[in-house]
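Q: Can you read through this structure? Questions will come right after.
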Amino acid sequence: MAWVLANPAVQVAIVGARTPAHLTESLGALDLTLGQADLAEIDNIMSAAVPVGGPTPEGMS
């Protein structure tokens, strides 16, 4: 979530939480500041990602 919020094109991040514990865990991203090196490393990792479409990509085979 910190990575999404670090993107200047993003104004809002929608967080899905199934339990109060999930929401509490997500709040930790508000205190996390990613530096330029962090963002560059994430961009490097994501450059090989393959977009997956559909309403539930986790369930696609």
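What follows is calculated from the coordinates using simple rules that are stated; it is not laboratory data. What you see is a predicted model, and the numbers here were worked out from it, not measured in a lab. Positions of Cβ are generated from backbone atoms using ideal geometry, with glycine treated the same way; all protein chains shown enter the neighbour counts.
Q: Considering each residue of segment 1-29, count those that are surrounded by 10 or more Cβ atoms within 10 Å (Cβ to Cβ) and either assigned to a loop (DSSP other than H, G, I, E, B) or free of Cβ contacts under 8 Å to residues at least 24 places away in the same chain (or both), and give that number.
A: Number of matching residues: 13.
Q: Output the residues belonging to segment 15-25 that are of a type in the set (Val, Ile, Thr) and closer than 26 Å to Gln36 by Cβ.
A: If the condition is that a residue be of a type in the set (Val, Ile, Thr) and closer than 26 Å to Gln36 by Cβ, then Val15 is the only one that fits.
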